[in-house]
Amino acid sequence: MLILRPPRIHPSEITDEALFWNRRLFLGAAVGALAAAVPSALAASRLPAPRSRDDELTPYDDVTTYNNFYEFGLDKRDPSRNAHTLRPHPWTVRVEGEVHNPKVYDVDELARRYPAEERVYRLRCVEAWSMVIPWLGFELNRLLKDVEPTSHARYVAFQTLHDPDQMPGQRSGVLPWPYVEGLRLDEAMHPLTILVTGLYGKPLPNQNGAPLRLAVPWKYGFKSIKSIVRIRLTRDQPPTTWNLAAPREYGFYSNVNPDVDHPRWSQKRERRIGELLRRPTLMFNGYGDQVASLYAGMDLRRDY
Ligand SMILES: Nc1nc2c(c(=O)[nH]1)N[C@H]1C(S)=C(S)[C@@H](COP(=O)(O)O)O[C@H]1N2
Ligand SMILES: [Mo]
């Protein structure tokens, strides 16, 4: 993300705000085309897919070949080329810290315990591109309730695997390893926050963060940490990788916000992968109805 240049916005691309808000539609009715791609066992638990032309699913090929996963290189194509060295099975995830009931889960056990449902979410990268992805996963709050947070738990810290043999990019110094992320406990408990185990009705490809990654759709994509091995409940706000790398540019909250520009480029508009013209970025990535109350009274310019 550090290496990107600001997108140039041509005046002709700017949509009139009122027109845009009228056009805006929420994810709602089912899309028939997807059904064919989803095994029948999964189809039963399927949630609504986009109804709007504005939110067509990003093709599988783009979702799986245009990735950010610096453990496998910096180019968007690198993860799909290089992530075969990752061995997502067997895999364990520790859940620990300020909990009464710490656990070590095997991912297969997790999958049995929390059957996957489909969630179609917009993913908005801080680099000002976006995708619409049919994830498979389950609400993180289910796992957190299971381990019984203590009254001191206020944040949740996440950590990616640290193994340069499986993740060769960790031999470079582009970021401090392992990749870490964090949420406030109420954000982590929010029903939109999911642990992802698949996409397009299939197991999660390595380049998308197999076997388990986060999806927090109202935040910039880098909050959605991949290939998680540890989840730790904490009293204090945990460090996060991009904040460590460039604190002025990447805050802890990183809510999608068209009114708070990145110091080196605008966040007002975005390019939906597969489209030519940029579209306006929505506050909280369009999920404001559901999440704005989490930030009542906060100054989102200060807490960026
Ligand atoms: N461990 C780890 N997680 C990560 C990243 C990364 O480099 N390493 N990149 C983040 C960024 S910047 C984005 S935009 C999303 C991209 O997810 P996708 O490749 O599945 O679209 O993953 C996030 N999770
Ligand atoms: Mo990103």
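Taken as a whole, segment 200-212 holds at least one residue that is among the small types (Gly, Ala, Ser), out of contact with any strand residue (DSSP E or B) (no Cβ under 6 Å at 6 or more places or on another chain) and either modelled with pLDDT under 95 or within 14 Å of ligand 2 (Cβ to nearest atom) (or both).
So in segment 218-238, with the set limited to residues that are within 14 Å of ligand 1 (Cβ to nearest atom) and not hydrophobic (A, V, I, L, M, F, W, C), which one is farthest from the chain's Cα centre (by Cα)? Only one residue tops the list, namely 230. If you filter segment 249-290 down to residues that are of a type in the set (D, E, K, R) and open to solvent by 40 Å² or more (accessible area, probe 1.4 Å), you find that the one that is nearest to residue 129 (Cα to Cα) is 271. For the structure I just gave you, tell me whether residue 180 is over 21 Å from residue 93 (Cα atoms) and not polar (S, T, N, Q). The answer is no for residue 180. Of everything listed in (1) crowded, with 17+ Cβ neighbours inside 10 Å; (2) at pLDDT 95 or above; (3) of a type outside the set (A, V, I, L, M, F, W, C), the single unmet condition for residue 236 is (1).
The condition of being part of a strand (DSSP E or B) and surrounded by 16 or more Cβ atoms within 10 Å (Cβ to Cβ) does not hold for residue 63. Residues that are in contact with a Lys or Arg (Cβ under 9 Å, 6 or more places away or on another chain) and of a type in the set (A, V, I, L, M, F, W, C) within segment 50-87 comprise 69, 72, listed in sequence order. For beta carbons closer than 9 Å, sequence separation of 6+ or different chains, a first residue in segment 291-304 that is surrounded by fewer than 11 Cβ atoms within 10 Å (Cβ to Cβ) and a second that is aliphatic (A, V, I, L, M), the qualifying pairs are 301/260.
Among the residues of segment 106-137, just one is touching a strand residue (DSSP E or B) at 6+ places or on another chain (Cβ under 6 Å) and without any contact (Cβ under 8 Å) to a residue 24 or more places away in the chain, namely 106. Restricting attention to segment 117-133, the residues that are assigned to a strand (DSSP E or B) and within 12 Å of ligand 1 (Cβ to nearest atom) total 9. Looking only at residues of segment 213-227 that are without any contact (Cβ under 8 Å) to a residue 60 or more places away in the chain and either within 10 Å of ligand 2 (Cβ to nearest atom) or not in a loop (DSSP other than H, G, I, E, B) (or both), we find that the one that is surrounded by the fewest Cβ atoms within 10 Å (Cβ to Cβ) is 213. Tell me which residues, restricted to segment 245-269, are farther than 23 Å from residue 186 by Cα and of a type in the set (A, V, I, L, M, F, W, C). Matches in segment 245-269: 245, 246, 265. For segment 239-267, a residue qualifies if it is more than 22 Å from residue 279 (Cα to Cα), within 13 Å of ligand 1 (Cβ to nearest atom) and not in a helix (DSSP H, G or I), and the qualifying residues are 240, 246, 249, 250.
When residue 104 is tested against (1) among the β-branched types (Val, Ile, Thr); (2) open to solvent by 50 Å² or more (accessible area, probe 1.4 Å); (3) within 16 Å of ligand 1 (Cβ to nearest atom), only condition (3) is not met. At least 2 residues being open to solvent by 10 Å² or more (accessible area, probe 1.4 Å) is the threshold, and among the strands (runs of 3 or more DSSP E) wholly inside segment 135-207 those reaching it are 155-160, 180-184.
The values are calculated or read from the model by the stated rules, or taken from the named source; none is laboratory data. Everything numeric here is computed off the predicted structure, so don't read it as measured data. Every residue, glycine as well, gets a Cβ built from its backbone with ideal geometry; the counts of neighbours run over all protein chains shown. The area values use the complete protein model at the heavy-atom level, side chains included, leaving out ligands, DNA and RNA. Shrake-Rupley method; radii C 1.70, N 1.55, O 1.52, S 1.80 Å.
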